[in-house]
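Heads up: the structure comes next, in structure tokens.
The values are calculated or read from the model by the stated rules, or taken from the named source; none is laboratory data. Fair warning: this is a prediction, and the values are worked out from it, not measured in the lab. A quick note on method: Cβ atoms are made from the backbone with ideal geometry, for glycine too, and the neighbour counts reach across all protein chains shown. Remember, those area values only see protein heavy atoms, side chains included, never the ligands or the DNA or RNA. Shrake-Rupley method; radii C 1.70, N 1.55, O 1.52, S 1.80 Å.
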Amino acid sequence: MTPMEPNAIEAAARYLHALQSSGRFGARLEAGLRPATPEDGWRIQRRISELRGRPAIGWKCGLPPGDRWVAAALHDARPSGGTAAAPAGPTGAARIEPELAFELKQSLPPRATPYTRADVDAAIGSVRLAVEVLGCRYDEPADASGPELMADSLWHQSVVLGPTVDVDLAQEPFPGPFEIALSVQGHDDLTFPASHPNGDPRLPLYWLAEFLRSQGMGLEVGQAVITGSFAGAIELPFERPAVLRYGSFGELALTLEQL
């Protein structure tokens, strides 16, 4: 398939960047600007990152099914206990995903040789509780293709970073079984069994290190990487303080405001 022309990549990136910057929603990309391959979706996403004019603070990633790519730069991190903006989902509530974030104490720059799992493990400096706030800029996201969602950062709105947790990366399995309890002001408490979709939440990080290397890019010291939800997508009402307790690891607090 013929790659998109540079002027089409630029036009698509500027359209989505305008939506992301304003908090507004819009129609899918016009037919001539829609990426049809992961490569073109990635090129649009990377151009949007350049238009933001500030470096990525981290990445979201997942083990890709088939020929898809699952990677998006993170540009907006909020502290635990703070407020984050989110779009309303189909039921009128926001949607979040409880995750762990791997913070890097050393960079994994572009190089000719592949990165091993041991290389990546050695670069991990700490593990933090995290919540990804979900959002899509398309009015009708269900109609968007995988490459279109890639261009728009794969449902990413922002990330809330919580406290560092005491975990043993050598533990088998990692991080071991636990539960996530959700308390929302004015609502009954909920409990979710915590299970990463890939078993070990580091597996997508290993993939990301190699994927970025294949693109002539790398991971940088201080960046945080989230790799998938431990409880799927959870609905959260707006304007209600919420606390997520990650078993014995600790807790993360947030309040969401509607975009």
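Quick notes on this structure:
- Scanning segment 1-18 for residues that are at pLDDT below 95 and open to solvent by less than 60 Å² (accessible area, probe 1.4 Å) turns up nothing.
- Residues of segment 1-53 that are in contact with a His (Cβ under 7 Å, 6 or more places away or on another chain) and more than 12 Å from Ser153 (Cα to Cα): Leu51, Arg52.
- Selection count where residues are part of a helix (DSSP H, G or I), without any contact (Cβ under 8 Å) to a residue 40 or more places away in the chain and of a type outside the set (A, V, I, L, M), scope segment 8-37: 7
- Of all residues in segment 108-133, those satisfying the criterion of being surrounded by fewer than 21 Cβ atoms within 10 Å (Cβ to Cβ) and touching a Phe, Trp or Tyr at 6+ places or on another chain (Cβ under 7 Å) are Arg117, Ile124.
- Some residue of segment 71-78 being surrounded by 14 or more Cβ atoms within 10 Å (Cβ to Cβ) and over 18 Å from the mean Cα position of the chain (by Cα): no
- Boolean, Gly222 is among the small types (Gly, Ala, Ser), assigned to a loop (DSSP other than H, G, I, E, B) and under 16 Å from Leu129 (Cβ atoms): no
- Test: residue in segment 184-199 that is aromatic (Phe, Trp, Tyr), within 30 Å of Ala27 (Cα to Cα), in contact with a strand residue (DSSP E or B) (Cβ under 8 Å, 6 or more places away or on another chain) and surrounded by fewer than 21 Cβ atoms within 10 Å (Cβ to Cβ): no
- Residues of segment 218-245 that turn out to be at negative phi and more than 16 Å from the chain's Cα centre (by Cα), as a count: 13
- Every pair of residues 6+ apart whose Cβ atoms lie under 6 Å, when the first sits in segment 126-147 and is within 20 Å of Gly82 (Cβ to Cβ) and at pLDDT 95 or above while the second is of a type in the set (Ser, Thr, Tyr) and open to solvent by 20 Å² or more (accessible area, probe 1.4 Å): Ser126/Thr164; Arg128/Thr164
- Hey, Pro204 part of a loop (DSSP other than H, G, I, E, B), crowded, with 20+ Cβ neighbours inside 10 Å, in contact (Cβ under 8 Å) with a residue 60 or more places away in the chain and not polar (S, T, N, Q) or not: no
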